[in-house]
Structure formats: structure tokens, C-alpha cells
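This report concerns only the one structure given below.
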Amino acid sequence: MKRVFTALLVCAGLAALTVVRAEDKPADKKADAKPATTNEVAVLKFKDFGDITFEFLPDVAPKTVENFKKLTREKFYDGTKSHRLIPGFMIQLGDPLTKNDAMQARWGTGDPGYKINAEFNDTAHVRGVVSMARSRDVNSAGSQFFICFGTATHLDRQYTAFAKVTKGLDVLDKLEKVPVGGSQGSSPQIPVVLESITLNPVSATPPVTKPAK
């Protein structure tokens, strides 16, 4: 039977936040975006895998970037696990319920207690792009996000891309090789623990040294 990854998991009245594959594209909707600036990068520390660094895209998704930074400063993401991983597609992260193994039946439904509006933009969903997960409601993102393993053009302008990986693509490759299983075939079979996310200043560009005459 053809597997459908777009089904919404409803537990205790909460709908799972999913990233759909090409066979089920949601309706498009644009959100207003105001230019912003940033001088920080995010460093994701994965237990047993290594670090991934990504830079933000505030010019196209300012509110999404600020929400992610807010949750990071609150240590919201520290200790969460990936609950969904599809090799060749993406790894999904950011559900606070994954901190509690006893709540595994509800993994994929957690959020920070509020939703944020979509900021769809022209950023292509290619390897290393970071984007927000959501349900069928375009304005249902909260804390869950995903990192693309490869090109997923069907997500362009359907999900809010807000960052891209600048360091640690080798770590992303390691994550893609994590064995998966479960009823949907997308549950990591070994824990993928996000120990912490920190915001670090962007390294200053070293001065150019002119050769001696």
C-alpha cells in the first residue's frame, strides 16, 4: 500500500506538524515580510553526531527568525529529539514533547503554546536549508523545524524557509544515515538528541594583509 506521510496524527486534540512529500502539496499563501538584520548564527549540538551551524535569513522570514531565536534563548530546544527522519528528504526537530519518552505517542504534536504566521518566500528547499514544519493550516508553525537532506522543490513557497547550514554538512550526512522504522517508516531507531542550540556572534572577517613591498 502506498505510504502516505501527509496524514495528520491527532492525539489529545492536537494535530501533528508534518512536512509533506511531493505527492500532497498544500495551498500556497504569502505572508508579509519586513527586512531585518542579524549578526548571529545558530549552533546545534547533536549528541554522538557533532555540530551543525546555520545562518539566518531575516530578510525573507524576520518573524520566524526572531521566534526561533526567542525559543533558543529560553533553552526550549535543549534535550529534544528528532521524531521524524526520511533519508533523501529531511530530518524534523523541535517538538518539546520528545523530551519525555512516556509521551512518545504524541510526538509530533508539540509546540510552544502558540502559533506563528507563515512567511513563505523564494528560498529554494535544497540540501542544508532549514524550514518550519506545520499542519495543513498554513499559519500553524510554532517550534518544529526541519533540515533538508536534498532538493525538495515541492516545498518551495509552501513552507517557511528561514535559515541554511553553513557548517556541519558532514554531520547532516551522518544524521541521514540513521536507521528508521515504525509504522510510518520514519521514526529514528536510535535517539537523535539535540543537546543544545546556542546563538553565537558571526565571526568578524579577518583584515586583509597586504604583501610587503
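Placing a pseudo-label 7 Å from each Cα along the Cα-to-Cβ vector at Asn200 and Lys167 gives an inter-label distance of 0.4 nm. The relative contact order of segment 43-100 comes to 20 percent, based on Cα pairs under 8 Å that sit 6 or more residues apart. Rounded, prolate or oblate for segment 150-198? Axes are the square roots of the Cα gyration tensor eigenvalues, ordered a ≥ b ≥ c, and the cut-off for rounded is a/c under 1.5. Note, shape of segment 150-198 comes out oblate. A cut-off of 5 Å between modelled amide H atoms, ignoring neighbours fewer than 5 places along the same chain, links His125 with Ala152, Asp156. Between Ala105 and Val126, the contour length at 0.36 nm per residue exceeds the Cα-Cα span by 4.5 nm. A simple spin-label model places pseudo-atoms 7 Å from Cα toward Cβ; at Val178 and Lys70 they are separated by 2.7 nm. Scanning residues 5 or more positions from Met90 or on other chains, those with amide H under 5 Å from its amide H are Phe149, with H placed 1.01 Å from N in the peptide plane.
No lab work stands behind these numbers, since they all come straight from the coordinates. All values derive from a computational prediction rather than experimental measurement. Neighbour counts are summed over all protein chains in view; Cβ atoms, including those assigned to glycine, are modelled from backbone coordinates with ideal geometry.
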